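Every number here is computed from the coordinates shown, using simple stated rules; none is lab data. Since this is a predicted model, take the numbers as computed values, not measurements. Every residue, glycine as well, gets a Cβ built from its backbone with ideal geometry; the counts of neighbours run over all protein chains shown.
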């Protein structure tokens, strides 16, 4: 099996696959046997890839708040905040809170 066939099967099994890097976001899908890519430039710090809730949690974390404090402030469980922070780090490519603060200018 060729590598292009493997990639095509992987794309079909994960329709709507996306990549969000520091400077670009790429969406990929198969359409009529063709691989279609949508490449867009990312604004400023890439916060456009975050949900409103993730953005709020990220901003509070970047200011130095602990996850339990954030949970108390916004009225959700600490595990929800941890899950949102995990997604924030993944989406923005930030390995830790210091990198997140630098990225957000906090």
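Key figures
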{"item": "Exposure proxy ranking, count of Cβ atoms within 10 Å, fewest first, for 86, 65", "result": "86, 65"}
{"item": "Average projection area in nm² (convex hull over Cα atoms of region 47-104, one quarter of hull surface)", "result": "3.3 nm²"}
{"item": "Exposure proxy order (Cβ contacts within 10 Å, fewest to most) of 39, 73", "result": "39, 73"}
{"item": "Ranked 90, 55, criterion: other C-beta atoms within 10 Å, fewest first", "result": "90, 55"}
